[in-house]
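See structure below.
Please treat every number below as a calculation from the coordinates, not as lab data. Quantities reported herein were computed from a predicted structural model and do not represent experimental measurements. Quick reminder, even Gly has a Cβ in these numbers, built from the backbone with ideal geometry, and neighbours come from all protein chains shown.
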Amino acid sequence: MILQVRKYGDPVLRKKGIRIETITPEIKQLAGDMLETMQAANGVGLAAQQVGWALQMTVLDVRDITDRPSVLCIGGQPVGLEVLMPLVLVNPQVCSAGEPVTGPEGCLSFPEIYSDIARPAAIEVTGLNILGERVEFWCSGLLARAIQHEVDHLNGILFIDRMDSDSKRELKPELETLQNTTKTELQPKATTLYAAQSA
């Protein structure tokens, strides 16, 4: 099932996700719905907060992105992305394994808003997969950037928090418009209902 992607201004995007202690059927269903939602939106990553759940779970798939390559190593050996993708990461932990590099980022919660963000070029990742099995790997390129972006989401951090001050100033009008639109859409419809009943 395709879920609604929450936009900037929705309070759930600022909530730190709680750890998932048990992979329940409901968690598996949510993961499947998140993958379907991400694919329908042509995204490469989606965090639980982005569909309204403050949980430590994200989904990723960078296999179709050829102009921004990714490298994946398991046990010190390079492997194809298809070994892990599409990837469900539960309770992920990330450790920097490279110097910061600047690259372009967007976000499904910020339609049509992009900026260059500095992040470590390579990372070491540990967590659980959707079967509750431990996963551990090293990655670089777009996969490393996408995982860091999504793990930020799991901690209530948005990519605008990583922008330099000039970029944020330049994007301020678009960000304010998006935030205000989202807040308006989130307001209860009680007033409208009351007006309709009174007419």
Measuring from the longest principal axis of the C-alpha atoms of the chain, the long axis of helix 165-186 (C-alpha) lies at a number of degrees, nearest 10, equal to 50
Longest the chain segment clear of GluC sites (Glu not before Pro) sitting in DSSP loops (not H, G, I, E or B) with at most 11 other Cβ atoms within 10 Å runs 22-132
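How large is the Kirkwood hydrodynamic radius of the stretch 11-198, in angstrom, based on all distinct alpha carbon pairs? Write out the running numbers ahead of the final one.
On the way: mean 1/r = 0.0566 Å⁻¹.
Result for the stretch 11-198, one decimal place: 17.7 Å.
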Between the residues V79, T184, G156, the Cα farthest towards the positive end of the dipole of the chain, that dipole coming from +1 and -1 charges on the beta-carbon of Lys, Arg, Asp and Glu, is from T184
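In what order do T126, T182, T22 fall by count of nearby beta-carbon atoms within 10 Å, going from fewest to most? Kindly include the intermediate steps, with their values, before the conclusion.
On the way: T126 14, T182 17, T22 7.
So the ranking, lowest neighbour count to highest, is T22, T126, T182.
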Per the helix-only model, the chain has a calculated mean residue ellipticity at 222 nm (DSSP H runs of ≥4, -39500 (n - 2.57) each, divided over all residues, rounded to the nearest 500) of -10000 deg cm²/dmol
Kirkwood radius from Cα pairs of the stretch 1-68 plugged into Stokes-Einstein at 20 °C, 1.002 mPa s, gives D in µm²/s equal to 170
D166 and K183 label points (each 7 Å along its Cα→Cβ direction) are spaced in nm at 2.9
Of all C-alpha pairs within the stretch 110-186, those more than 18 angstrom apart amount in percent to 55
Relative contact order as a percentage, the chain, C-alpha pairs under 8 Å and 6+ apart, gives 25
Filtering trypsin sites (Lys or Arg not before Pro) in the stretch 132-190 by DSSP loop and by at most 12 other Cβ atoms within 10 Å leaves K189
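Stretched out fully, how many nm does the piece from A118 to V71 gain, at 0.36 nm a residue minus the Cα gap?
Values: separation 47, 0.36 × 47 = 16.92 nm, distance 1.83 nm.
Extra length available between A118 and V71 comes to 15.1 nm.
Could you tell me the relative contact order of the stretch 71-184? Use alpha-carbon pairs under 8 Å, at least six residues apart, and round to a whole percent.
Working: 154 pairs, mean separation 28.2, N = 114.
Here the relative contact order equals 25 percent.
Starting with the fewest neighbours, write out I113, I2 ranked by other beta-carbon atoms found within 10 Å of each beta-carbon. Present the calculation step by step, with values, prior to reporting the outcome.
On the way: I113 16, I2 13.
Listing I113, I2 from fewest to most nearby Cβ atoms yields I2, I113.
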Quick calc, the stretch 11-198, dipole around Cα centre from Cβ unit charges on Lys, Arg (+) and Asp, Glu (-), nearest 20 debye, gives 520
